[in-house]
2 protein chains.
Amino acid sequence: MDIQHPYLMFLGDAPDRLAAKTAQGVADWRPEWCLGQFRMEGCNADLQLPDMTMEEAAAAGVKTVIVGVANRGGVISKPWIAVLERALELGMDVAAGLHNRLSDVAVLREVAAHHGRTLFDVRHPQEDYAVASGKKRSGKRVLAVGTDCSVGKMYTTLAMEKEMRTRGWNADFRATGQTGIFIAGSGVSIDAVVADFISGAVEAISPENSDDHWDLIEGQGSLFHASFAGVSLGLLHGAQADALVLCHEPTRPHMRGLPDYKLPSLEDCMSANLAAAHLTNPDARFVGVAVNTFHMSPEDAGSYLQEVESRLGLPAVDPVRNGVGRIVDQLN
Amino acid sequence: MDIQHPYLMFLGDAPDRLAAKTAQGVADWRPEWCLGQFRMEGCNADLQLPDMTMEEAAAAGVKTVIVGVANRGGVISKPWIAVLERALELGMDVAAGLHNRLSDVAVLREVAAHHGRTLFDVRHPQEDYAVASGKKRSGKRVLAVGTDCSVGKMYTTLAMEKEMRTRGWNADFRATGQTGIFIAGSGVSIDAVVADFISGAVEAISPENSDDHWDLIEGQGSLFHASFAGVSLGLLHGAQADALVLCHEPTRPHMRGLPDYKLPSLEDCMSANLAAAHLTNPDARFVGVAVNTFHMSPEDAGSYLQEVESRLGLPAVDPVRNGVGRIVDQLN
C-alpha cells in the first residue's frame, strides 16, 4: 500500500471540527502534501487550505483524494459517491479511513477499475502478512508505548521524525493507525489485522534498513488496557524496538472506555513493557517520557515533568510544549 | 455458532493418520457424538469407527458431517464437494476446519441454502464480537497457559473437564481452536479474530455463569512466543481466569517455529502470566503444572515431575500418564 501524494483533503459534510480530525492531523503533519480541501454543503470543518473543485485539484496535480472524515451513520452517502466518482474519472486515487469500505460501493469499484485508479481503505488491511519470524533486523527502531490509548503516541513519534530529519538523520515514521497511514502514505491499521499476524505485520512495515536508519513506530493501546493489550504486545514484539518512549496523560481518571480500571504507574508500565520488549530485543531500553499536559496549567505541567524526570532518571517532556529534542538527544 | 451432534467424521482421502488428527481428537474426546466415519478412495486414516455412507449416516441420525482432515494443496476437490453436497441434501449440516472456506464453494452454498442447512467454517470467526469490557463475570474459570505452542493446553483443559464432570461438578470446556470447537460444538478460533476483538471474543465464549460453574478455557500460544504472544495476552485478559495451569514440554530444543528462541523457565513463564492475569482478575493463581512427558522414559518423567513439584510447590502431572485429578483437587 503506497498512497501517492499530493493530496486533496475531502471533508464532505463534516458537522464539526472533530469529525474532520483525521484530515486535520494530515494537514498538520504533511502541509506540503495537502494542496487543498473539498467541502460540501453543511460542512463546518475548515483546514485553512484552499477550497478546490475536483477539476481544480486534478489540474493542480493532486494524486489522491483523502477522505479524512467520519461519515454520518456509517453510510457512504450518494452525494459523496458522486463526488468521489468524479475524482476517479479525473485520474485521482481515493483513500478513506471509514469503517465501511469504498470498495464495497459497486459504482466506485467499477469506475476505479475502468480508469485504472486505486481505492485505499486504510482501516482494512489490504495485504496478507506473514507470521512474525522474530529475526533481528538491521537498522534501529523507536516505539512509543503508553499507559493508555490516545495519550499521544502518534504525535510523539511524528515529532521525533521531524526532529531527527531537522538534524539530518535518516528517519521514517511507521504508521499503525488510519491517520498515521495518510501521513506516512503507507502502513497498517494494526488493530484490524487478524490476530495471528499482529507481530508479522509490524515486522513488514519496519523492514531491514541501513545501520544509521531510525524507524519511528507509532504505538497503539497499552499493555494495561483490558480490551486491547494483545494488540500492544504483538506490536511491541514485532517492532523489536531499540528505544522505547513512554507516553502518558496524567489527568485521566481511568483507562479509556473502562471506568473500573485505573491507569498503571509509570514504573509498572515501564517494567512490563521492558520485560516484554526484551523477548525480541534484549537491548531495548527507555529513552524518555512524553507527557500530554494539555489539561494542566503551565506551572503544574512544569513541576509534574520535573518530578517524573527526577523519579525515573529520563527526560520527561510535553512534545507540544517542549518538543522532543531532549528525547532524541538520548539516541546519539 | 452451535454445531449439532451426533457427528459423521469425514476423512476424505487423508493420506495418513496425521492428516486426520483433528478428526482423531474429536473421536477421542467425544466418542459418544461420533457415530461413524466416511472414507474415500486413497484414505489411509482410520478412527476405528463404523464406516458409513452419507445415506446410512442420515438414517442413523447424524446431524453434522465434520470435515476433520487437511485437504491436499488447499483445494476442496470435486469428489469432496460431491459428497458434501449429498450430505446437505440428506439434511445434515457440514462443519470444516479447513483454511479455505466451504462457504466459498458456490454449489455448497447454494445447496445448503436450498435445504436450509448450515455450513460451519470453524477456522473463520462467523460472528462479530464486541470489544472486551473487562467487567468481572460470575462463575469460575480455568485457563491453560504454556511455555510454547502445542504443549498440551487443549488436552489438559479437556482432561480437567472430564475429571470435574466425573466428580459431578458443573464444568464446560471452552474452545479457542478448530479441534476444540468440534469437541465443544462451539467456540472461536481465537487466532483468526481481528486483533481488536481477541479479549472480547474470549469474554463472549465464557460468559457469566452460576457461582459453582467452571469454564475450562483452552489456551493458545505463549506470552513467550515472538510470533503469537499478542493472541495469548488477549486470551489471558479476556478469560479473567481464577486458576491457571502451566503447560510445558521439557524436551523441546527451541520455541516452535523459532530456532533462535529458547523456551522460558517455568518460573519466568508463571510470573509473566500471573502479572498479566492480575490486570483483569487480581485473584488469579496457578494451581498446577501439566507436563507432556511423551518423549521421556517413565523414570525420567517421574523424577522431572517430582523436581518441578518441589521447586514450584504445585502439583506437577503428565495428564496422559497421571491424569489431572491432583490439579482439580486444588480447586476444591
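Readers should treat all values here as calculations from the given coordinates under stated rules, not as data from a laboratory. Owing to the predicted nature of the structure, the values given are computational and were not obtained by experimental measurement. Positions of Cβ are backbone-derived with ideal geometry, glycine not excepted, and every protein chain shown enters the neighbour counts.
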Amide proton proximity set for B:GLY221, modelled H, under 5 Å, gap of 5+: B:SER150
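Work out which GluC sites (Glu not before Pro) in chain A are exposed loop sites (DSSP not H, G, I, E or B, at most 12 other Cβ within 10 Å) and give the longest gap free of them.
Between exposed loop sites, the widest span is A:209-332.
To the nearest 20 debye, what is the magnitude of the charge dipole of the protein assembly as shown about its Cα centre, counting +1 on the Cβ of each Lys and Arg and -1 on the Cβ of each Asp and Glu?
It works out to roughly 100 debye.
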Max mean-square fluctuation residue, GNM over chain B, Cα-Cα springs under 10 Å, options B:ALA276, B:ALA96, B:ALA106: B:ALA106
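Would you kindly state how much longer the chain becomes between B:ARG167 and B:ARG86 on full extension, computed as 0.36 nm times their sequence separation minus their alpha carbon distance, in nm to one decimal?
25.0 nm
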Choice from A:PRO319, A:PRO259, A:PRO125 showing the highest fluctuation, given a GNM over chain A with Cα pairs closer than 10 Å: A:PRO259
In degrees, nearest ten, helix B:229-239 long axis to first principal axis of chain B (Cα): 90 degrees
Average beta-carbon neighbours from other chains, 10 Å sphere, peptide A:246-258: 1
GNM top mover of B:GLY152, B:GLY302, B:GLY313 - chain B, alpha-carbon springs below 10 Å: B:GLY313
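With a cap of 15 neighbouring Cβ atoms within 10 Å, and only residues DSSP puts in a loop, list the chymotrypsin sites (Phe, Trp or Tyr not before Pro) found in region B:237-329.
B:PHE294
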Whole-angstrom gap from region B:31-51 to region A:22-100, using each part's C-alpha centre: 59 Å
Trypsin sites (Lys or Arg not before Pro) restricted to region B:157-208 and DSSP loop, no more than 14 other C-beta within 10 Å: B:ARG167
Dipole in debye (nearest 20) - region B:7-121, about Cα centre, beta carbon charges: Lys, Arg +1; Asp, Glu -1: 240 debye
J(HN,Hα) series, region A:99-107, from Karplus relation 6.51 cos²θ - 1.76 cosθ + 1.60, nearest Hz, glycine and proline x: 5, 8, 9, 4, 6, 8, 8, 3, 5
Which of B:VAL328, B:VAL289, A:VAL75 has the fewest Cβ neighbours within 10 Å, and the rest in rising order: A:VAL75, B:VAL289, B:VAL328
Counting DSSP beta bridges with both ends in region B:182-332, the antiparallel % (nearest 5): 10 percent
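I'd like the mean, over residues of A:220-228, of how many other protein chain beta carbons sit within 10 Å of each residue's own Cβ.
That works out to 6 on average.
If you take each beta carbon of peptide B:230-241 and count the beta carbons of other chains within 10 angstrom, what is the mean?
6
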For A:PHE173, residues with placed amide H under 5 Å, excluding near neighbours: A:LEU216
